[in-house]
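Each remark here refers to the structure printed beneath this line.
The values are calculated or read from the model by the stated rules, or taken from the named source; none is laboratory data. Model, not experiment: these values are computed from the prediction. Note that we place each Cβ from the backbone using ideal geometry, even for glycine, and neighbour counts take in every protein chain shown. The protein model used for the area step is the full one, side chains on, heavy atoms only, and it has no ligands, DNA or RNA in it. Shrake-Rupley method; radii C 1.70, N 1.55, O 1.52, S 1.80 Å.
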Amino acid sequence: MKTDNILKRADRVWLTEAACDLEDFRAEVERTTSLADYPHAAAVEKNVLIYDSASVLKAAQTSEGRRAVLAEICEAFATGPGVVVLKRAFEDTAVIDMASGIFDDIINEQQRTHTGGGDHFAKPGANDRIWNSLEKHCLRDPQNFAAYYGNALIALVSEAWLGPSYQMTAQVNRVNPGGAAQSAHRDYHLGFQASSVIEQFPAHVHRLSPVLTLQGAVAHCDMPLESGPTLFLPYSQTYVPGYLALKRQEFRDYFDRHHVQLPLSKGDLVFFNPALFHAAGTNRSEGIKRVANLLQVSSAFGRAMETVNRERMSAVLYPALKAMLAEGQLSGIEAACAIASCAEGYSFPTNLDRDPPVGGLAPKTQAQLMHEALAGGWEDAAFAAALAAQSEKKLS
Ligand SMILES: [Fe+2]
């Protein structure tokens, strides 16, 4: 018995593309979502959980209610279908329209100046990308950024999966009519590697990768099925060797036969476990430019895919937040959500010689500094100087 256990050890630790088994996979994914298991959800459509955003926020108003809602969404990502839709997450779609205008300007500028870096997921012309739309959005229009990322649902779902101090990143994808579907994939981290690389990571890292990020999308227009909203295979995130399985044709064929697709309305949010098998759909519409702002939220403990200059963003966002709070355009909670999407929320890495933890175990974060400045009504220049001094202290 013990000898047998030792003999199988290497196969337990080292997952391989060759060992992936479609029958094992089917046993994981061929499940039916029961609405009764998710009491805060409004409906199950095509095995996907649909939430009414206003009801979710209402249920999360008390600390006990919030605990229950976050736990439900967490398990929906972990062991449930792996994908949730939040209908009408932006009640005021004027905020979305204004952001769309900013994104259009950025895309036009990229085209005019031949910048923008292209897209490794699609053929040229099929779509337009804005990499790091987070920082570009903030620098162009901090007021709209504050209203947009002040959205309490984005914060609630991110926290449900990643806990606090998450790192927001975002990319815009505008898929033009005729834009072809992506092939089925998983996302960052291991989803962006070849099998030969993935096979070098022990099995526990295959389990770790999905808890280091959360994928989301804000629908910037109505997306009927013909416009190609994302294809999903519910429960596929639970198959541990899935990063390798996706390289095999029979798994891709299975995805093609069994994926689901839901229409979205402007202002809806979709969030999914990054290990869920998914792919952008084909845009077969006559004239719909399908625009989504893709949110990739990283754990405080992970390395995000994009570099973001959060010091520069924070310096620009601060005066906007101060003014909007003073004029009652933003609640304290919304301001906190916007700060969570902008400023660095985690203390490390830092230089502990110069940046020792004072009055605790962890040195002050950029986000804490911003809250402190807002509470104290600091001048913009004083806050910018404090930000720069803090960044300087963190250098080796
Ligand atoms: Fe993806």
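Is the shape of the range 210-262 best called rounded, prolate or oblate, per the rule: a/c under 1.5 gives rounded, else a/b larger than b/c gives prolate, else oblate, with a ≥ b ≥ c the square roots of the Cα gyration tensor eigenvalues?
Working: a/c = 2.89, a/b = 1.41, b/c = 2.06.
Oblate, because a/c is 1.5 or more while a/b does not exceed b/c.
In loop segments of the range 346-396 as defined by DSSP, the trypsin sites (Lys or Arg not before Pro) with at most 15 further C-beta atoms inside 10 Å of their C-beta are Arg354. The alpha carbons of the range 310-394 occupy a box of 41, 23, 21 Å along the principal axes, longest dimension given first. Note on the range 126-228: semi-axes of the ellipsoid equivalent to its C-alpha gyration tensor, largest first and rounded to whole Å, are 27, 22, 13. On the beta carbon distance between Ala18 and Ile333, with R0 = 41 Å, the FRET formula returns roughly 0.20.
Taking the 1.4 Å solvent-accessible surface of the chain as the whole, the part contributed by carbon and sulfur is 54%.
Compute the Cα gyration tensor for the range 12-298, then decide on rounded, prolate or oblate, letting a ≥ b ≥ c be the square roots of its eigenvalues: rounded whenever a/c is under 1.5, prolate when a/b is larger than b/c in the other cases, and oblate in all that remain. It comes out oblate by the Cα gyration axes. Dimensions of the range 70-167 based on its C-alpha atoms, expressed as ranges along the principal axes with the largest first, amount to 47, 32, 25 Å.
Dividing the radius of gyration of the alpha carbons in the range 181-249 by their Kirkwood radius gives 1.02 for Rg/Rh.
The stretch between Leu361 and Glu30, if pulled fully straight at 0.36 nm per residue, gains 114.6 nm over its current Cα-Cα span. Taking a 18 Å limit on the Cα-Cα distance, which of the listed pairs Lys266/Lys289; Lys58/Lys266; Lys58/Lys87; Lys136/Lys364; Lys46/Lys289 fall beyond it? Cα-Cα > 18 Å for Lys58/Lys266; Lys136/Lys364; Lys46/Lys289; rest within. Computed from backbone phi with θ = phi - 60° and the Karplus coefficients 6.51, -1.76 and 1.60, the 3J(HN,Hα) list for the range 170-185 is 8, 9, 8, 10, 10, 9, 7, x, x, x, 7, 5, 7, 7, 4, 8 Hz; x is used for glycine and proline. With the highest mean first, a sort of the peptides 178-185, 191-198 on other beta-carbon atoms found within 10 angstrom per residue produces 178-185, 191-198. Shape analysis of the range 260-369 places it in the oblate category; the axes a ≥ b ≥ c from the Cα gyration tensor give an a/c of at least 1.5, with a/b not above b/c. The Rg/Rh ratio of the range 1-137, with Rg taken over Cα atoms and Rh as the Kirkwood radius over Cα pairs, comes to 1.13. The DSSP beta bridges internal to the chain are antiparallel in roughly 90% of cases. Computed log10 I(q)/I(0) for the range 198-338 at 0.14, 0.18 Å⁻¹: -0.88, -1.15, from the Debye equation with unit scatterers placed on every C-alpha and solvent omitted. In the context of the full set of protein chains, residues of the range 173-264 present 37 Å² of accessible surface per residue (probe radius 1.4 Å, heavy atoms only).
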